[in-house]
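What follows is a short report on a single structure.
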Amino acid sequence: MLRATLQRLHPDLRRRRGRHTRLPLEGDTPDTGLESLGAVGTGARPLDLIGGTFPATMGWRRLGRYLRSLEDKADLIRIKHPVDCYLEAGCIADKLVKNEGPAVIFEQPRLADGTISEFPLAMNLFGTRRRTNQALRVEKPSEIGMRLTDLMKPDIGTFAKRPWKAWPLAKKALSLPPKKVRKGACQEIRMAEPDMTKLPIPTTWPMDGGPFITLPLVVTKDPSTEEHNLGMYRAQIFGPREVGLHWQMHKHGAEHAAASDGKMPVAICLGGPPELMFSAIAPLPDNLEEYMFAGLLGERRLRITKCLTQDLWVPAEADIVIEGYTIPGETRVEGPLGDHFGHYSLEGEIPVLHVTAITHRKNAVVPMTIVGKPPMEDGYLGEAIGDAFLPVLQFQHRDVRNVFLPLETGFHNLAIVSSKQRYPAQARKTALGLWGAGQMMFLKTIVATGPEHDVKNLDALLDVLDQNVSIPDDLVILDGMVADQLAHAAPYEGIHSKLLIDASTPRKQDAPPHISLDDVEGISQHRWIRPSMLVITTHIEGGPSESENTEHIDEEAADRQRDKIYQLRNSIWQLDNSNMLRWIFITDDSVDLESDDVMRVLLWQLFCRFEVSRDLHYSPEGSRICWDATAPIPSSNGDLPVRRWPAVCIHDSDIQKKVDDWYEQEVRNWV
């Protein structure tokens with residue numbers, strides 16, 4: 001009946017399914033009734049084919065059930081022919097996510113030695129908002145935050161008078177503590193000789209330093225309290241038994257390592273139910289463990305089991321568990337890696353995991369993602385996290401009405417905040433408070449808006465920047481603040497300046513009359529995005545190549561670049577009628593201002609390339625600014641240094657053409 005319904009919705013489904021479809025996951029315990037659609041407990045409703053309803057009770061329990069639900073909704077394709085883990089699989093996944101395409105399982109991932117891995121590789125599992133909501137079993141991610149705030153502020157008065165009304169809340173609380181089991185499905189099979197090179201770990205970009213695990217669930221524990229932490233720290237494969245762990249200095253994994261006297265046990269888990277992956281990246285308060293949060297998401301206690309060779313407890317329903325240890329002070333050079341800012345992150349020293357065992361469940365599937373120039377799959381997860389934890393943020397910061405981190409800016413570069421505005425500067429106070437809220441400490445720029453502002457409407461953002469911002473009064477710069485270690489535009493690793501733009505108060509500001517740019521030399525293109533906001537592109541001689549890392553300082557070229565930006569902005573500021581041209585944005589001519597996706601590209605360039613204290617320039621009288629987003633040339637002579645400038649993540653051209661042809665022939669009609 002379900003297949004017949006699918007075929008009515010997709011008349012040509014039968015033909016395509018002949019190429020991509022699957023039988024039920026071999027070795028899986030057969031589900032009965034409605035559970036075959038993904039719900040784990042009784043009372044579940046069938047999944048609506050249009051995406052309207054999700055399992056009513058309990059979680060997915062394991063990854064296989066989520067994959068089956070995607071396939072039942074014609075939202076997953078299988079590629080049966082061999083696909084290289086080196087560059088090809090990642091390029092296919094990128095093509096799918098950029099076109100809001102389906103999830104994909106590579107049934108024959110080809111390893112570096114030319115052999116086919118025994119483990120299928122799954123990618124793009126969360127590459128649309130609808131699919132992310134389905135993974136979390138919600139209509140809106142904010143439902144998750146409401147569950148948390150219910151626990152944080154129970155209605156004691158009502159419960160005292162009507163105790164039976166406390167049962168739903170008590171049921172949620174009972175799902176929090178993990179349940180220890182003697183042996184989990186993740187230990188059904190143990191590799192005789194642990195070998196990381198036998199796993200289908202993709203190398204997604206041509207200049208990557210090697211294969212990287214991009215959806216790792218890294219388990220560590222506090223050596224004093226033995227509380228477990230589940231984090232998502234990328235991991236580079238160095239060899240059969242050595243893996244690099246990139247936990248930044250701000251993360252719990254690094255904190256645990258610093259507190260360890262000797263070898264520290266570590267486990268990397270792959271797969272498992274989607275709620276595990278979401279828990280690993282969620283900005284949880286310190287008193288809520290990820291295992292507990294996964295239980296809350298799944299509405300049942302998370303089953304955990306003891307590692308075979310390390311003193312750690314790991315999710316029993318994970319697909320693969322990699323056990324090992326790190327040695328204090330031992331590091332190796334990691335990278336480069338194309339990361340979520342759209343550039344290659346710079347090389348650096350990271351701890352080394354020595355693998356002692358690899359176990360897996362029967363018919364395990366390895367889930368991976370690709371990170372690079374947004375929008376990417378991690379962007380949809382990031383948006384879901386923002387929406388899910390908004391109720392918690394509002395509970396902790398009572399003035400917050402809404403928050404949005406656009407995926408085009410790599411998340412840590414821009415937040416748009418809607419705040420209550422009952423008294424002067426209230427929105428500023430709200431924004432400053434958010435910079436102290438967990439991972440929001442990494443944010444480079446916050447635009448504070450009024451209570452009625454639609455934070456997800458980027459046209460509305462331009463409107464308030466145009467009308468509500470008085471320069472310099474509404475700009476606040478904070479120097480020497482915490483930055484993401486991967487922020488390549490920062491002048492120093494882990495340190496940058498932050499910009500608060502107060503756009504919360506409507507002001508009466510006149511638009512400039514017509515301004516002619518005909519006599520301004522050096523402009524490649526220009527575009528008015530609002531009456532007081534001008535974007536121009538220019539050619540930077542000797543500027544960084546998008547296809548190569550710029551490793552060496554070139555003071556002569558950097559001086560020419562600074563001089564050109566200086567001449568451009570001053571030439572425009574000296575034009576007739578330019579006194580009301582409050583915003584000039586300059587970027588290089590790698591972007592076409594007439595293209596259909598220009599606003600998306602501009603968001604990426606303006607916020608990922610920009611360092612506040614180095615690249616924000618005021619006019620002589622201080623009432624206008626120039627925002628320099630040209631790719632900077634490495635230099636140590638300016639006001640602030642420019643470090644090595646990384647290349648942009650660009651696929652190999654031959655592989656890109658091959659994937660484009662495949663997509664047109666096999667997938668476009670499906671999508």
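The values are calculated or read from the model by the stated rules, or taken from the named source; none is laboratory data. Quantities reported herein were computed from a predicted structural model and do not represent experimental measurements. Cβ placement follows ideal geometry from the backbone for every residue including glycine, while neighbour counts extend to all protein chains displayed. Just the protein is used for accessible areas: all its heavy atoms, side chains included, with ligands, DNA and RNA removed. Shrake-Rupley method; radii C 1.70, N 1.55, O 1.52, S 1.80 Å.
Mind listing just one residue for me: the one in the range 453-492 that is more than 27 Å from the chain's Cα centre (by Cα) and assigned to a loop (DSSP other than H, G, I, E, B) and, of those, surrounded by the fewest Cβ atoms within 10 Å (Cβ to Cβ)?
D473
Could you please find all residues in the range 408-435 being of a type in the set (A, V, I, L, M, F, W, C) and open to solvent by 10 Å² or more (accessible area, probe 1.4 Å)? Break it down stepwise before answering.
Going residue by residue through the range 408-435, those that are of a type in the set (A, V, I, L, M, F, W, C) are 411, 414-417, 425, 427, 431-432, 434-435.
Selection gives F411, A425, L432, W435.
Which members of the range 613-669 meet the condition of being under 28 Å from the mean Cα position of the chain (by Cα) and among the β-branched types (V, I, T)?
T630, I633, V642, V648, I650, I655, V659, V667
Can you find a residue in the range 581-597 that is part of a helix (DSSP H, G or I) and either in contact (Cβ under 8 Å) with a residue 60 or more places away in the chain or surrounded by 19 or more Cβ atoms within 10 Å (Cβ to Cβ) (or both)?
no
Of the residues H354, H397, H340, only one is modelled with pLDDT under 95, over 22 Å from P206 (Cα atoms) and open to solvent by 10 Å² or more (accessible area, probe 1.4 Å); which?
Exactly one residue qualifies, and that residue is H397.
For the list (1) under 17 Å from L215 (Cα atoms); (2) open to solvent by 20 Å² or more (accessible area, probe 1.4 Å); (3) acidic (D, E), I need the number of the one condition that E323 fails.
(2)
Just to be sure I understand, how many residues within the range 451-480 are among the hydrophobic types (A, V, I, L, M, F, W, C) and closer than 18 Å to S532 by Cβ?
Adding up the residues that qualify gives 9.
Can you pull out every residue in the range 242-252 that is within 11 Å of N229 (Cβ to Cβ) and either more than 19 Å from the chain's Cα centre (by Cα) or part of a loop (DSSP other than H, G, I, E, B) (or both)? Walk me through it before giving the result.
First, pick out the residues of the range 242-252 that are within 11 Å of N229 (Cβ to Cβ): 247, 251-252.
Hits for the range 242-252 are W247, K251.
Suppose we keep only residues that are surrounded by 14 or more Cβ atoms within 10 Å (Cβ to Cβ) and part of a loop (DSSP other than H, G, I, E, B) within the range 523-545. Which one would you say is nearest to the chain's Cα centre (by Cα)?
Within the range 523-545, the match that is nearest to the chain's Cα centre (by Cα) is P544.
One line per residue, one yes/no per condition, for (1) open to solvent by 40 Å² or more (accessible area, probe 1.4 Å); (2) in contact with a Ser or Thr (Cβ under 7 Å, 6 or more places away or on another chain); (3) among the polar types (S, T, N, Q); (4) modelled with pLDDT of 70 or more:
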| residue | (1), (2), (3), (4) |
| --- | --- |
| T149 | no, no, yes, yes |
| P154 | yes, no, no, no |
| K161 | yes, no, no, no |
| W164 | yes, no, no, no |
| K172 | yes, no, no, yes |
| S175 | no, no, yes, yes |
| Q187 | no, yes, yes, yes |
| R190 | yes, yes, no, yes |
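Could you grab me the full set of residues in the range 255-274 that are surrounded by fewer than 19 Cβ atoms within 10 Å (Cβ to Cβ) and not in a loop (DSSP other than H, G, I, E, B)?
If the condition is that a residue be surrounded by fewer than 19 Cβ atoms within 10 Å (Cβ to Cβ) and not in a loop (DSSP other than H, G, I, E, B), then E255, A258, A259 are the ones that fit.
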